[in-house]
Amino acid sequence: MGPLGFLAARSLLRNPVRTALVLLGLSVTGALLLDMTMLSRGLEASLGGVLGRLGFAVRVVPRGTLPFSSSAEIPDGERLAAEIAARPEVAAAVPVVAANLYVRRGGARFPSFALGVPGGGTGAYAVLEGRDLPAAAAGAGPAPGSPPADPPIVINRNMARLDGVRVGDVVVLSAAPEPFVVRYAAPRAFRVVGIADFYFDLATQRSVALATVDLRRLQGLPRGAASLILVRVTAPARTGDLARWIQARDPRVDALSIQGFLDRAAAQLTYFRQFSLILGTISIAVSFLLITAIVTLSLGERLGEIAMLRAVGFTRARIASLVLLEGLVLGAASLPGAFALGLLISRNLDAILRSAPSVPENVHFFTLTTAAALRTVALVLGTGTLGAVYPATIAARLGVAATLHAEVLS
Amino acid sequence: MDDAQAVAQAQHAGGAPAPDRVVASADAVVKVYRMPGGTVHALRGITLAVERGTLLSIVGPSGCGKSTLLHLLGGVDLPTAGTVTLLGQPTASLSDAALARLRLRHVGFVFQRFFLLPMLTAEENVALPMMEAGVAQPDRRRRARALLERVGLAHRSQHRPGQLSGGEMQRVAIARALANRPALLLADEPTGELDAAAGWEIARLLREISRDGCAVVVVTHNTELAAIADRQVRMRDGTIA
């Protein structure tokens, strides 16, 4: 460490109580800055994490939409999925149908999100208990001569918990809230074969997964369309080429890579960025003023020392650098407190926000990523340095002889 | 530039009784301060040479320009007119940064109010100019300890200024002034805030330093300190009386 770094670091010891109070203040503003940095892209980062874990590199959706964001469907989605699956760089292409169903239980009807999949093993959800849907028997009826069996479904944890449903139980689903809506087929019983995590469930949402053929039969609709096609690739480097091929093949769809998905989602979440930008800016402004005030105050108390350093041989530039470093050191010293406090606050704020309706369980608003941490560190250090610019200017312009003379007279 | 070279250059300064020994000189120096209340003529045509290995005391009533002259000789201020030459170089011809480098390598300052950094130990205070001059840590540590030993404070090397007496602080300040082996040591009222015994100790120390070859200039009201100087300059109203 050079003399300036040494002196700047030791300057923290000059007035320990005052330094502690300033660091406390800077920790609070730094914590707010960290939280706002985490919030600005937290939802994207969290969403990206979940998407990455699912392992689907490309999502094919009706043009201009996000998965399950509307009732729009790809008219011949199953055929398009088959064409995509035939490509060499594709490991699997899973056409998925999303629908709203109603769980009939004890005379009441509860809305449920339904995922129609070709069969088990798609990776669209993770089975936690029991087993998955049959892979090959999707929609297949009972063997000739066998008693008719209830088709299998997989339910989510919320449904298991809220309705007391266990593996092996039978649940009755209908496509319409009331029986007199004749367009739809009659309610039908399903056998629960597994309980799963559906990744994007809301906190109290009921979800079920069933064979597409069973879902369409329940809806009274023909097969063929899909809400979404999930594509797993064997060559991630060729994801871009694949996405372009899909869009060229069917202009009615968008083929979104994970980043494309996140970019589109981010465009719909700008209010989080605006919110964090405003509060983050306020936090930086308060830190800046705090550092400017304290370093200027400290400088005023030791003009004689600064004059001595100049007399001893420190140049104006070195003195200015010393004062700037003091601001930097103050910022740096506040970082541990800022991170500890920021993480504590963000945990509580995240819990509050996630308790709101329409928020998926696996998604977080405040996500500490390496980029968020580095951005916070850079902003805190930059603010510390900039906060010391004004006192550094004063120190650099100090008249040595006049100051020494004034110090003696005082 | 080492001390020998500096002194050799100083030979060209001229105008002094022993040019080969001149470290700093003032030639017809005028210093005027323009204040809100009017113009103050602090120095009115001072001519003076400071020689290597001598202790020069400057005495005179308050406000007569003693400290101003000291600051000009040390290159922390520039004359309004006339020439101040420091180690052969007219200070007015040097940039601020070049003057700072010259002070760092060749001039030591001792102040009435010590100006030790309170968050550093005595040893660290002494080592400070060496750090700035880029002396390697083992060397500056060794030299700082040697200097503290020379001023009789080896046992206080790890104490902070707040734990030292006034006399001890001034001795640390003198050790700091000697850190980079200066050719010129300037002391402005070094005994001004000390009791008689401590003041005498400082006077004795400055005398020793000059005996070792350093040019020492002391501005003082202390008659004992002034009396032991090799040469005494008495000032009045910005002139040498």
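The values are calculated or read from the model by the stated rules, or taken from the named source; none is laboratory data. If you're wondering where the values come from, they're calculated on a predicted model, not measured in any experiment. Cβ placement follows ideal geometry from the backbone for every residue including glycine, while neighbour counts extend to all protein chains displayed. Accessible surface is based on the protein model in full, side chains and every heavy atom, while ligands, DNA and RNA are left aside. Shrake-Rupley method; radii C 1.70, N 1.55, O 1.52, S 1.80 Å.
Leaving out ligands and nucleic acids, note down the accessible area per residue over chain B with a 1.4 angstrom probe, in whole Å².
On the way: 9680 Å² over 241 residues.
On a per-residue basis, 40 Å².
Here the simple spin-label model places points 7 Å from the Cα toward Cβ, and for A:N362 and B:D20 these points are separated by 9.2 nm. Residues of chain A were split at every exposed loop site, defined as trypsin sites (Lys or Arg not before Pro) in a DSSP loop with at most 14 other C-beta atoms within 10 angstrom, and the longest piece left, sites excluded, is A:253-410.
The distance separating the Cα centre of the range B:77-109 from that of the range A:377-405 comes to 25 Å. Across the range A:10-124, Cα-Cα pairs more than 25 Å apart make up 53 percent of the total.
Helix A:316-354 and the longest principal axis of the Cα set of chain A meet at an angle near 30°. In chain A, the DSSP-assigned H stretches of four residues or longer account for a calculated mean residue ellipticity at 222 nm of -17000 deg cm²/dmol, using -39500 (n - 2.57) per stretch and the full residue count as denominator.
Share of chain B's accessible area from carbon and sulfur, percent, 1.4 Å? Don't skip to the end; give the middle numbers.
Details: 4670 of 9680 Å².
C and S atoms contribute 48 percent here.
For chain B, DSSP calls about 55 percent of its internal beta bridges antiparallel. Element breakdown for the range A:64-251 at a 1.4 angstrom probe: carbon and sulfur atoms account for 56% of the accessible area. Size descriptors for the protein assembly as shown (Cα atoms only): Rg and Dmax, in that order, 40.9, 133 Å.
Taking chain A as a Gaussian network of alpha-carbon nodes connected by springs under 10 Å, the highest mean-square fluctuation of the residues A:V329, A:V233, A:V400 belongs to A:V400. Helical content alone sets the calculated 222 nm signal of chain B at -11000 deg cm²/dmol, taking -39,500 (n - 2.57) per DSSP H segment of four or more residues and averaging over every residue.
Please report, as a whole percent, how much of the solvent-accessible surface of the range A:1-60 comes from carbon and sulfur atoms (probe radius 1.4 Å).
Details: 1470 of 2120 Å².
Using a 1.4 Å probe with all protein chains present, the range A:1-60 comes out at 69 percent carbon and sulfur.
Once the Kirkwood radius over Cα pairs is known for the range A:188-228, the Stokes-Einstein relation at 4 °C and 1.567 mPa s delivers a diffusion coefficient of 106 µm²/s.
The HN-Hα couplings worked out from phi for the range B:232-241 by the Karplus form 6.51 cos²θ - 1.76 cosθ + 1.60 (θ = phi - 60°) are 10, 10, 9, 10, 8, 6, x, 10, 8, 6 Hz, whole numbers, x standing for Gly and Pro.
Could you state the accessible area per residue of chain A in Å², with a 1.4 Å probe and every protein chain left in place?
Working: 18240 Å² over 410 residues.
For chain A, the per-residue accessible area is 44 Å².
Rounded to the nearest 5, what is the percent of antiparallel bridges among the DSSP beta bridges in the range A:64-251? Can you show the working numbers first?
On the way: 30 of 40 bridges.
Just about 75 percent of them are antiparallel.
Highest mobility in the GNM of chain B, judged by mean-square fluctuation with C-alpha springs under 10 Å and restricted to B:A197, B:A154, B:A24, is found for B:A197. List every residue whose amide H lies under 5 Å from the amide H of A:V90, counting only residues 5 or more places away in sequence or on a different chain, with H placed 1.01 Å from N in the peptide plane. When sequence neighbours closer than 5 places are left aside, the close amide H contacts are A:T234. Once C-alpha pairs closer than 8 Å and six or more residues apart are averaged by separation and normalised to the residue number of chain A, the relative contact order reads 29 percent. What's log10 of I(q)/I(0) for the range A:64-251 at q = 0.08, 0.15 Å⁻¹, Debye sum over Cα points only, no solvent? These q points yield log10 I(q)/I(0) values of -0.27, -0.91. Springs join every pair of Cα atoms under 10 Å in this Gaussian network model of chain A, and among A:D201, A:D132, A:D76 the largest mean-square fluctuation is at A:D76. The slack in the chain from A:R264 to A:T281, taken as 0.36 nm per residue of separation less the alpha-carbon distance, amounts to 3.6 nm.
With both residues required to sit in the protein assembly as shown, DSSP beta bridges show an antiparallel share near 70%.
I'd like the interface area for chains A and B: accessible area of each alone minus the complex, both sides summed, 1.4 Å probe, protein heavy atoms only. What is it in Å² to the nearest 100? Walk me through the numbers before you get to the answer.
On the way: alone 19440 and 10960 Å², together 27920 Å².
It comes to approximately 2500 Å² buried between A and B.
Counting pairs of alpha carbon atoms under 8 Å apart in space and at least six apart in sequence, what relative contact order in percent does the range A:64-251 give?
Details: 370 pairs, mean separation 63.6, N = 188.
After rounding, I find 34 percent.
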